[in-house]
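Below is one structure, written out as structure tokens; comments come after it.
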């Protein structure tokens, strides 16, 4: 392992955000809404998605490579906008890149779920890797030891979100198949444990019913980021803030599909391809 010396973060520097693909753009959208005068660099590792079906060792290696590229670009904070990477790589990233703040999506999501639940019966819908890793379950039980947490993988929902098939009979039918066995009569909170799932929130809420509150970790992560930057005196006010998009493969598809996740079109001038293998220092 190469020893790295990280400079103290500069408040004027951009915030780095990375994900395995386009799903993390829901987190970026929430961050830009919460922190409208900040600059951002978003890295989508589209050449190697999805992370959710890969081993923990592979995910940690990929997360280190993506994070290193952003750290070398001089970001002042690192947002791990990927549930799978947050689940398995966060301790490694925090140790490697201190004193840069490294913020994942699972801790804020778990905190919001515990606050929202009245029955302490919480359901988590996520990817296979996140469910198997048990990160949400552990974090929720750390905060509420008597909570009953049930988790299930909803992989097909990821494909629906990327295709834009987020409402209608097909989406409702698939959501029903996942939720019928996940939700109990006592469940009152459903955590959207994948950054793709906010696009399906209308359908998931409809299928889950009015007694179940949906928790979107994107918004809670954005609020947590704002608090941490404020505490560390790292907030910036840029009159003309920018967002740069870096991808490791298929930039045209990223721009097309990603616009649905970001909620606006992605300008080709702000988008560039990067080669992690050649640009990242040896880990």
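The values are calculated or read from the model by the stated rules, or taken from the named source; none is laboratory data. What you are looking at is a predicted structure, and each value in this text was computed from that prediction instead of being measured. Virtual Cβ from ideal backbone geometry, glycine too; neighbours counted across all protein chains shown.
When the range 262-283 is examined, which residues are found to be part of a helix (DSSP H, G or I) and closer than 24 Å to residue 76 by Cβ?
262, 269, 270, 276, 279
I'd like the residue in the range 240-255 that is more than 21 Å from the chain's Cα centre (by Cα) and modelled with pLDDT of 95 or more and, out of all such residues, is farthest from residue 75 (Cα to Cα).
Out of the qualifying residues, it is 240.
For the range 117-137, name all the residues that are surrounded by fewer than 16 Cβ atoms within 10 Å (Cβ to Cβ) and modelled with pLDDT of 95 or more.
Within the range 117-137, 118, 119 qualify.
Residue 12 passes all but one of (1) part of a helix (DSSP H, G or I); (2) out of contact with any helix residue (DSSP H, G or I) (no Cβ under 7 Å at 6 or more places or on another chain); which number fails?
(1)
Within the range 206-237, which residues are modelled with pLDDT of 95 or more, surrounded by 18 or more Cβ atoms within 10 Å (Cβ to Cβ) and in a helix (DSSP H, G or I)?
207, 208, 221, 222, 224, 225, 229
Scan the range 9-21 residue by residue and report those that are at pLDDT 95 or above and crowded, with 19+ Cβ neighbours inside 10 Å.
13, 14, 15, 16, 17, 18, 19
Name the one entry in 195, 184 that is in contact with a strand residue (DSSP E or B) (Cβ under 8 Å, 6 or more places away or on another chain), at pLDDT below 95 and not in a strand (DSSP E or B).
Going through 195, 184 in turn, just one is in contact with a strand residue (DSSP E or B) (Cβ under 8 Å, 6 or more places away or on another chain), at pLDDT below 95 and not in a strand (DSSP E or B): 195.
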